[in-house]
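Novice: Before anything else, here's the structure in question.
The values are calculated or read from the model by the stated rules, or taken from the named source; none is laboratory data. On a predicted model such as this, the values are computed, not experimentally measured, just so you know. Cβ placement follows ideal geometry from the backbone for every residue including glycine, while neighbour counts extend to all protein chains displayed.
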């Protein structure tokens, strides 16, 4: 072909290429102009609520089509109301997701009443951290360690039976020789912390490291001591006993491991069942991008959160492992989780 003809042909091909429409992105096309309802199963002001609203502000920038994310609280039965809604009533097209209380997977494992969901069928998206639960005790009691607390009459704040704030002291009463009197009716970690500040109770259950950021004066002024924690790689807790280790018997420790296994899930985001895989994959990629976003990380750290993310596929595997606990352990854990 003569040089001039070849040049004309090349230019024509280039013009055709440039005129061709860009390859469609079905996820972006779906989400453009839409909103996603982010439903939170815990009260306003707690760590679930704060993390969900923080993630919502940044996720929208990383989801194809940039849908608006609208957080809202759906409180009831320790999160069961929200989880059951997510499983059965939420739209399954990717326009609804939930921040699921991590206690609910052990709830399902022991066949607790009221569970109408299958956590294995949720589309797990990710969690920004896996904090430890811990028990803090007022130093004015004269008790500084878990060993000193054994057999002592102590009051501890809790929200309700079935909540982790109730479950942890109840387990320690059963398996570790504690004598906590559990005072229920406190809604949210902020109210429980206020009760401890007012000396209405001697102790409460909270999470680390967010407690250190929310109440720095407790540790600066030696107001409280940490008795034990549920297990964490956080260096702040490395010299303290785990809650499980306080039980003398190995079989009891295994029961406690199952009861506390939800801690491995952190504060997780999940889709309802049957959301199209391409949209689940897109949200997982968006989550992975958010936890690397410098602005997000800076804000999260200021709020006292460690950024130790777990991706959606790993969460999915953790859920399966929790649900596959031996039947004998589930049987013993049932009356603790679902009193």
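Novice: Residue 206 - would you say it is within 28 Å of residue 323 (Cβ to Cβ), in contact with a strand residue (DSSP E or B) (Cβ under 9 Å, 6 or more places away or on another chain) and either in a strand (DSSP E or B) or assigned by TED's automatic domain parsing to the domain that holds residue 298 (or both)?
Specialist: Working: within 28 Å of residue 323 (Cβ to Cβ): yes; in contact with a strand residue (DSSP E or B) (Cβ under 9 Å, 6 or more places away or on another chain): yes; either in a strand (DSSP E or B) or assigned by TED's automatic domain parsing to the domain that holds residue 298 (or both): yes.
So residue 206 passes the test.
Novice: Taking the condition of being at pLDDT 95 or above and either closer than 23 Å to residue 87 by Cα or within 15 Å of the chain's Cα centre (by Cα) (or both), how many residues in region 24-50 meet it? Show your work before the answer.
Specialist: Of all residues in region 24-50, those at pLDDT 95 or above come to 26-40.
If we keep only those that are either closer than 23 Å to residue 87 by Cα or within 15 Å of the chain's Cα centre (by Cα) (or both) as well, we get 27, 30-31, 34-40.
Within region 24-50, residues that are at pLDDT 95 or above and either closer than 23 Å to residue 87 by Cα or within 15 Å of the chain's Cα centre (by Cα) (or both) number 10.
Novice: Answer with yes or no whether residue 214 is under 24 Å from residue 127 (Cα atoms), surrounded by 15 or more Cβ atoms within 10 Å (Cβ to Cβ) and touching a strand residue (DSSP E or B) at 6+ places or on another chain (Cβ under 6 Å). I'd like the intermediate steps shown before the answer.
Specialist: On the way: under 24 Å from residue 127 (Cα atoms): yes; surrounded by 15 or more Cβ atoms within 10 Å (Cβ to Cβ): yes; touching a strand residue (DSSP E or B) at 6+ places or on another chain (Cβ under 6 Å): no.
No; evaluated as a whole, the condition is false for this residue.
Novice: Under 25 Å from residue 50 (Cβ atoms) and at pLDDT 95 or above: which single residue out of 192, 97 fits that description?
Specialist: Values: 192 fails: at pLDDT 95 or above.
It is 97.
Novice: Going by what's in this entry, would residue 222 be described as free of Cβ contacts under 8 Å to residues at least 12 places away in the same chain, out of contact with any strand residue (DSSP E or B) (no Cβ under 8 Å at 6 or more places or on another chain) and outside any helix (DSSP H, G or I)?
Specialist: no
Novice: Scan (1) free of Cβ contacts under 8 Å to residues at least 60 places away in the same chain; (2) touching a strand residue (DSSP E or B) at 6+ places or on another chain (Cβ under 8 Å); (3) within 22 Å of residue 267 (Cα to Cα) for the single condition residue 245 breaks and write down its number.
Specialist: (3)
Novice: Of all residues in region 220-235 being at pLDDT 95 or above and touching a helix residue (DSSP H, G or I) at 6+ places or on another chain (Cβ under 9 Å), which is surrounded by the fewest Cβ atoms within 10 Å (Cβ to Cβ)?
Specialist: Ranking the candidates gives 222 first.
Novice: Let me ask something additional. Based on this model, can you work out whether residue 266 counts as surrounded by 15 or more Cβ atoms within 10 Å (Cβ to Cβ) and on the phi > 0 side of the Ramachandran plot?
Specialist: Considered against the rule, which asks whether it is surrounded by 15 or more Cβ atoms within 10 Å (Cβ to Cβ) and on the phi > 0 side of the Ramachandran plot, residue 266 comes out as yes.
Novice: Do we have any residue at all in region 286-301 that's in contact (Cβ under 8 Å) with a residue 40 or more places away in the chain and more than 22 Å from the chain's Cα centre (by Cα)? First the steps, then the outcome.
Specialist: The initial filter retains those residues of region 286-301 that are in contact (Cβ under 8 Å) with a residue 40 or more places away in the chain, namely 286-291, 293, 295-296, 299-300.
Among the residues that remain, those that are also more than 22 Å from the chain's Cα centre (by Cα) are: none.
The answer is no; no qualifying residue exists.
Novice: Now a separate question. Is region 322-332 home to any residue that is in the same structural domain as residue 109 (by TED's automatic domain parsing), without any contact (Cβ under 8 Å) to a residue 24 or more places away in the chain and either in contact with a strand residue (DSSP E or B) (Cβ under 6 Å, 6 or more places away or on another chain) or under 23 Å from residue 56 (Cα atoms) (or both)?
Specialist: Looking for residues that are in the same structural domain as residue 109 (by TED's automatic domain parsing), without any contact (Cβ under 8 Å) to a residue 24 or more places away in the chain and either in contact with a strand residue (DSSP E or B) (Cβ under 6 Å, 6 or more places away or on another chain) or under 23 Å from residue 56 (Cα atoms) (or both), one finds none in region 322-332, hence no.
Novice: Going through 271, 180 one at a time, which residue ends up being in contact with a helix residue (DSSP H, G or I) (Cβ under 7 Å, 6 or more places away or on another chain), buried (at least 19 other Cβ atoms within 10 Å of the Cβ) and assigned by TED's automatic domain parsing to the domain that holds residue 74?
Specialist: Details: 180 fails: assigned by TED's automatic domain parsing to the domain that holds residue 74.
The unique qualifying residue is 271.
Novice: Name the strands (runs of 3 or more DSSP E) wholly inside region 112-185 in which the number of residues that are touching a residue at least 40 places away in the same chain (Cβ under 8 Å) is 3 or more. Let's see the steps before the verdict.
Specialist: Working: elements: 123-127, 132-138, 153-157, 179-183.
Answer list for region 112-185: 123-127, 132-138, 153-157.
Novice: Right, another one. Name the single residue that is surrounded by the most Cβ atoms within 10 Å (Cβ to Cβ) among those in region 302-329 being farther than 23 Å from residue 273 by Cβ and more than 17 Å from the chain's Cα centre (by Cα).
Specialist: Out of the qualifying residues, it is 329.
Novice: Next question, about the same structure. Take the residues of region 186-195 that are touching a residue at least 60 places away in the same chain (Cβ under 8 Å) and assigned to a helix (DSSP H, G or I): which is nearest to residue 253 (Cα to Cα)?
Specialist: Within region 186-195, the subset touching a residue at least 60 places away in the same chain (Cβ under 8 Å) is 187-190.
Within this subset, residues satisfying the condition of being assigned to a helix (DSSP H, G or I) are 189-190.
Details: 189: 26, 190: 29 Å.
Across region 186-195, the extreme among qualifying residues is 189.
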